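Beneath this line is the structure, given in structure tokens, with notes to follow.
The values are calculated or read from the model by the stated rules, or taken from the named source; none is laboratory data. The structure displayed is predicted, hence computed values, not measured ones. As a convention, Cβ positions derive from the backbone with ideal geometry for all residues, glycine included, and neighbour counts pool all protein chains shown. In case anyone asks, the SASA skips ligands and DNA or RNA and just uses the protein heavy atoms, side chains included. Shrake-Rupley method; radii C 1.70, N 1.55, O 1.52, S 1.80 Å.
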Amino acid sequence: MAAAAAWPELEAAARERRRELALPGPAVAERVAAGGGRLPAQLLALPLLQSLELSGCPALRELGPGLAAALPALHTLVLSGNALGPAGLGAGLGGQLPVLRILDLSGNGLEALPAALGGAAEGAPEGPAAFPQLRSLNLSGNRLRELGPGLAGAAPQLQSLLLSGNRLRALPGGLLPPGTAGPFPLLSRLEAADNEVQELGADIAALPALKSLDVANNQLRELPAALADCPRLKEANFRGNQLRDKRLEKMVNGCQMKAILEYLRAGGRGKGKGDSSREEARKKKREKQQKKDGGDGEQDELEEASKLLVKVLHISENPAPLVVKASPGVKDVRAFIVCCVLRGVSLQPGNALRRFLSLQTKLHEDICEKRTAATIATHDLQLIKAPLTYDVQPPDQLKIAPLGRKEIKAKDLLRQLQLEAEEQRKQKKRQNVSGLHRYLQLLDGKDNYPCLLDAEGAVISFPPITNSEKTKIRKETRDLFLEVTSDTSLQICKDVMDTLILKIAELNRSTLENKGESGSDNDSEALQGPVSLNSQAENLPLVVEQVRVVDTDGNLKVLYPSKTDLATVSSLLTVLR
């Protein structure tokens, strides 16, 4: 009983039948140390638990036996910044976690994978996969030198594998089991920056769904031509490697993904002479124009880099920082929210607004896992009336003017959307609904719905369903209020926000480069008059203003971006703090 009394958080979780539990590492470190460096046994008496986070606790060396068997409903497990080794993980992760989707083991100093992740296997493990639904695995900031081929059998549905900050020397290396047909058929994101990778193998093309690859700051001298055979590769970061081919290195530093793939497809140095001669002719023309204008290639590269700068404006530097107050009721509905302000966005030229909206849709499909992991909302900052409150309201009381619709009660909106979904399904003769209607089930069984209220009490966001027409983004919008919510974990909110800011920065650069091209968003809310955009303003970095989320007593819950935020995209984005 004495041990149980030492963990009031667990007693409360059991009493309130909680599905999420976050234990701040520093606050529980002394108790973990007193328990022999392992999680308390009381944790195993919480079978309803779906999300568990215990990070930043150097005293935590092992999970203790039976975690997987005791917590079968876990879909998110975050154990970053602890001192867990393969043995300490093995006892807890042994067995099946049938619905686990997110596993974060970053910053634990692991030198090998635990057996549950295939670390002790010669090949794919026999029998059922230990993590059949695992979508995201974060192993960044450890000491891994290699990955065993057993991982493919342990987590066959993996979509995101984060390996930055380890000691890997080859990629994919032992990750792909020899002779196995189609390992990792869904892996779309592979990050291995800041390792010791000397060889990027041609078998990288055996990852059919790979969209994003990051191998920055390694020891690569060559890039394999097989990269051009990756059918879905859209983004790659090879910067910080000493490539022998200086022409290729210049493309890499300029983030010219399409040109890199075309160059590799043509055979690189000494091959693809037709392509090479045309590129050389274009290069000479550029150099001639640069001399005429009194510029040089180095200056152009500096200007190019400046367009991907982001400057953080700290609370202490902001005379009127925006604050969001979170009510106690959100913890049982949609507990996690991260917000910030982003200034200097250009949505006026061409089809920039349409591309911006498309960007959000793609992020909802990919990193937000069809909104099941997190939901993004973007607002025109000038239409925000602060302060803001993150709260919950009953379905028959919550009113919102959804995008493109008149004000309606939440319960009536959902009923309307469900009818539309069913009608659409019948028209297209499908078995299941699609589009926005897929997200309606996320609110099933909720007595209250989450919402973000402005100072006038108006609902400006109803996650995960819709934003409000009141703060709708238009072509003239320059400053944004960004919001990410989740019922899974705070870290997911931060990861999604990191990626959102990166994608907006990339879109901004592309928009400013091509602002003269024709195009239209067919937006009925187009500008009444022209907006002046001078070249000096275009080259300024985007500014991210910190936003605090506090509880009703004013105690800080989360500040974004903090010193450690935006780290996941640091190899693609220069952050001035």
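Add +1 for every Lys or Arg and -1 for every Asp or Glu among the other residues with Cβ under 10 Å from the Cβ of Leu322, and state the total.
Combined, the nearby Lys, Arg, Asp and Glu give 0.
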Quote the accessible area belonging to Ser160 in square angstrom, nearest 10, computed with a 1.4 Å probe and with ligands, DNA and RNA left uncounted.
20
Hey, for a label at Ala226 modelled as a point 7 Å past Cα toward Cβ, could you say which residues of the range 247-261 have their backbone N under 18 Å away?
261
If the convex hull of the alpha-carbon atoms of the range 9-122 is projected onto planes in all directions, what is the mean projected area in square nanometres?
6.4
Taking R0 as 41 Å, what FRET efficiency do you get between Arg167 and Arg354 from their Cβ-Cβ distance, rounded to the nearest 0.05?
0.40
Could you tell me how far the Cα centroid of the range 53-113 sits from the Cα centroid of the range 214-247, in Å?
32
Note on the range 337-492: the mean projected area of its alpha-carbon convex hull, in nm², is 9.9
What FRET efficiency comes out for Gln441 versus Thr564 if R0 is 25 angstrom and r is the Cβ-Cβ distance? Round to the nearest 0.05.
0.15
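So for the range 331-400, what percent of the C-alpha to C-alpha distances run longer than 18 Å? Please report the intermediate quantities before stating the final value.
Working: 1394 of 2415 pairs.
I get 58 percent for the Cα pairs in the range 331-400 exceeding 18 Å.
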For the range 81-237, radius of gyration divided by Kirkwood radius, i.e. Rg to Rh on alpha-carbons
0.94
Tail beyond 20 Å, pair distance distribution of the range 454-519 (Cα, percent):
46
Which loop trypsin sites (Lys or Arg not before Pro) in the range 357-414, with loop taken from DSSP, have no more than 14 other Cβ atoms within 10 angstrom of their Cβ?
Lys370, Lys385, Arg405, Lys406
Which FRET efficiency value, to the nearest 0.05, do you get for Ser316 and Arg31 by plugging their Cβ-Cβ distance into 1/(1 + (r/R0)^6) with R0 = 35 Å?
0.55
Residue-span extension gain [Ala12 to Lys331] - 0.36 nm each, minus C-alpha spacing
113.5 nm
